[in-house]
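Worksheet: one structure, shown below.
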Amino acid sequence: MNTKTSLVMKGGDHDRSVELVAGEASFRVTADASSFNVLAADGRTHGAGGRFDVRLDDASVCVTCFSDQIEVTRNAKTVRLKQSERVIYDSRGLGEVAAVDPAIAGAWQDGLIICRNTPLSDFVNELNRYRPGRIVLFRSDIGRLSVSGRFNIVEPDQALTQIQKAFSLRVRNLPGGLALVG
């Protein structure tokens, strides 16, 4: 389980399932095990083998397949994901299946955030998951800056300092862990 994650166990002997209430979790299902379901935001991820992650952010769910195949169902529509594929769903339904780099998608399990040409606004959203308080970009134009690098999730303030120096940004730290960046 990743940071700020909450799971609820469901099912019985023949229906193994969990509900992801918040956050992100990784699941490994052995091929000889009975099927396994992860419920999240009115969707279901079904695995009969393999490894996959399910991440619930606000109103969207991201499912990433790392090995074998899994099925993701939302509003009676189902897609099958193969290794190194991901799909995102929300209130509008299932998105398109997209290829992913498993090293980047699963980096959190190694204590890292890996970025390759990631918009600063997306990086800050990710960094906020691992930091008490909140980082806020108070200039919209800087959110489009491109971030590449490897950052340790247990030292989010060090990552913020690196970004500050790389882009010559000003950071104002306020009580309660609030950091204004511009």
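The values are calculated or read from the model by the stated rules, or taken from the named source; none is laboratory data. Note that the structure is predicted; figures quoted are calculated from it, not measured. Here the Cβ is made from the backbone with ideal geometry for all residues, glycine too, and neighbour counts use every protein chain on show. Accessible surface is based on the protein model in full, side chains and every heavy atom, while ligands, DNA and RNA are left aside. Shrake-Rupley method; radii C 1.70, N 1.55, O 1.52, S 1.80 Å.
Kindly evaluate G133 against the criterion of being open to solvent by less than 30 Å² (accessible area, probe 1.4 Å), among the small types (G, A, S) and in contact with a strand residue (DSSP E or B) (Cβ under 6 Å, 6 or more places away or on another chain).
Numbers: open to solvent by less than 30 Å² (accessible area, probe 1.4 Å): no; among the small types (G, A, S): yes; in contact with a strand residue (DSSP E or B) (Cβ under 6 Å, 6 or more places away or on another chain): yes.
When the stated conditions are applied, G133 does not pass them.
Anything in segment 46-70 that is assigned to a strand (DSSP E or B) and farther than 19 Å from P102 by Cβ? List them, or say none. Break it down stepwise before answering.
Step one: of segment 46-70, the residues assigned to a strand (DSSP E or B) are 46-47, 50-57, 60-67, 69-70.
Correct list: H46, L56, D57, S60.
Which one of these does V29 not meet: (1) closer than 30 Å to S146 by Cβ; (2) open to solvent by less than 20 Å² (accessible area, probe 1.4 Å)?
Unmet condition: (1).
Can you list the helices (runs of 4 or more DSSP H) found entirely within segment 74-182 that contain at least 1 residues being among the acidic types (D, E) and free of Cβ contacts under 8 Å to residues at least 60 places away in the same chain? Walk me through how you get there before you give the answer.
Working: elements: 102-105, 120-128, 156-167.
Once the helices (runs of 4 or more DSSP H) in segment 74-182 are filtered for at least 1 residues that are among the acidic types (D, E) and free of Cβ contacts under 8 Å to residues at least 60 places away in the same chain, what remains is 120-128, 156-167.
Could you please let me know if V124 is under 25 Å from D53 (Cα atoms), within 22 Å of the chain's Cα centre (by Cα), at pLDDT 95 or above and of a type in the set (V, I, T)? Let's see the steps before the verdict.
Values: under 25 Å from D53 (Cα atoms): yes; within 22 Å of the chain's Cα centre (by Cα): yes; at pLDDT 95 or above: yes; of a type in the set (V, I, T): yes.
So V124 fits the description; yes.
Taking A98 and the conditions (1) open to solvent by less than 30 Å² (accessible area, probe 1.4 Å); (2) small (G, A, S); (3) at pLDDT 95 or above; (4) closer than 20 Å to V54 by Cβ, which numbered condition does it fall short on, given that it satisfies the others?
(1)
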